[in-house]
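The values are calculated or read from the model by the stated rules, or taken from the named source; none is laboratory data. Bear in mind the structure is a predicted one, so any value in this text is a computation, not a measurement. Cβ: placed from backbone, ideal geometry, glycine included. Neighbour counts: every protein chain shown. Surface accessibility is based on the protein's heavy atoms, side chains included, excluding ligands, DNA and RNA. Shrake-Rupley method; radii C 1.70, N 1.55, O 1.52, S 1.80 Å.
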Amino acid sequence: MNKPLKQSVRDKLESYSLSDAQLQKLESLDVQAAPVHVRRISVFPLAIAAAVVAFLLAFFLTPLLVEQSDVRERIAMEVAMNHIKLKPLEVETSSIEGIRDYFKKLDFIPVNSKLVSQSGLELIGGRYCSLQGITATQLRFRKPDTDSVQTLYQTEYRKDVFRNIPVLEEGNEPVDIYVKGIKVRIWVEKGLLFALTELPDNYNQ
């Protein structure tokens, strides 16, 4: 159970009190006849300041660091859950031109991905969706001569939302995260964020 803010600060301050050995060491110094209680008071304000600074840093920075570290996991979880519970296609098309003609309400233009093109996947259609609250496309692909369907998310890359995502043009490799038996590959390409599902058992990786 989390302590109230007031109690946490009080506990932190108490941890800065001087031990008897520390006080004796201070008394042995050549300080002109200052009583021990005066020396204790002179040190206490510094302890207060240090405790407050340490507490505020932990209070404000910890949530930010956690958010930056788990954004990939949150993307992967959302993509995997939607892949498991696929909804019907809104448009059936095998070309990126057909996708662009249909998705007119986006704030970006859907593009072909170099990685997806190299994989040999065949586009079969798509639907509107969202990724971390941002409007996106969910494109659907099929591996040639199989019934295995994969989904590819595309949405605009917002650095304030999607932190710490590898950018293909900078020579970075996509990050792979496994969620619920599905591999989700995440990367940035051509100014867009991509998230592609794969079934690990079908690949030699």
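Here's the yes/no breakdown for (1) loosely packed, with under 12 Cβ neighbours inside 10 Å; (2) modelled with pLDDT under 95; (3) farther than 18 Å from Leu196 by Cα:
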{"position": "Leu89", "(1), (2), (3)": "no, no, no"}
{"position": "Asp101", "(1), (2), (3)": "yes, no, yes"}
{"position": "Lys105", "(1), (2), (3)": "yes, yes, yes"}
{"position": "Leu121", "(1), (2), (3)": "no, yes, no"}
{"position": "Tyr128", "(1), (2), (3)": "no, no, no"}
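Out of the residues in the range 155-183 that are among the polar types (S, T, N, Q) and either in contact with an Asp or Glu (Cβ under 8 Å, 6 or more places away or on another chain) or touching a residue at least 40 places away in the same chain (Cβ under 8 Å) (or both), state the one that is nearest to Ala136 (Cα to Cα). My answer is Thr155. Here Val175 meets the list (1) in contact with a Pro (Cβ under 8 Å, 6 or more places away or on another chain); (2) within 16 Å of Tyr153 (Cβ to Cβ); (3) at pLDDT below 95; (4) not acidic (Asp, Glu) almost entirely, failing just condition (3). Does Val188 count as over 14 Å from Asn82 (Cα atoms), part of a strand (DSSP E or B) and of a type in the set (A, V, I, L, M)? Criteria met by Val188.
Listed by position, the strands (runs of 3 or more DSSP E) enclosed by the range 71-163 that each have at least 2 residues that are in contact with a strand residue (DSSP E or B) (Cβ under 8 Å, 6 or more places away or on another chain) and over 20 Å from Asp176 (Cα atoms) are 122-131, 134-142. Checking the stated criteria, Gln150 turns out to be open to solvent by less than 60 Å² (accessible area, probe 1.4 Å) and closer than 17 Å to Ile96 by Cα. When we screen Gln150, Gln118, Gln138, Gln132 for residues that are in contact with a Cys (Cβ under 7 Å, 6 or more places away or on another chain) and of a type in the set (S, T, N, Q), the only hit is Gln138.
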